[in-house]
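Coordinate-derived values only; no laboratory data. Computed from a prediction, not measured in an experiment: that's the story for all the values here. Glycine also receives a Cβ, built like all others from the backbone with ideal geometry; neighbour counts cover every protein chain displayed.
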């Protein structure tokens, strides 16, 4: 391999996409919903709990839980998320960030 060849930094299509502030904001919002969904699925699996049982424990309707699981819900209230997480044995915490995105 030739040592004189300069390393070029390749820009991916994702990098280009994320340069657009509107696209980045949209991605960040959708990614947060994806993370909540995946966390809920994993926590339910870990606890061996069905949608119906989680609904009974949390007081959150089965349809809301199903909508979260299937990415059909865009906005989840803090109360809903807190009820679900406590029922699954988790606690939510908030952390100050230096550069807020929104």
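Structure notes:
- Whole-number percent relative contact order across the chain, with pairs defined as alpha carbons under 8 Å at least 6 apart: 24 percent
- Highest average first, the peptides 42-48, 57-63 ordered by how many other beta carbon atoms sit within 10 Å of their residues are 57-63, 42-48.
- Cα long-axis angle, helix 78-87 against the chain (0 to 90 degrees, to the nearest 10): 70 degrees
- Distance in nm between pseudo-label sites at residue 42 and residue 27 (7 Å out along the Cβ direction from Cα): 2.1 nm
- Relative to the longest principal axis of the Cα atoms of the chain, helix 21-47 runs at roughly 50 degrees.
- Where Rh is the Kirkwood radius over Cα pairs, Rg/Rh for the chain: 1.19
- Dividing the mean sequence gap of close Cα pairs (under 8 Å, 6+ apart) by how many residues segment 26-75 holds gives a relative contact order of 41 percent.
- The chain: most fluctuating residue of 72, 53, 22 per GNM, C-alpha cutoff 10 Å: 22
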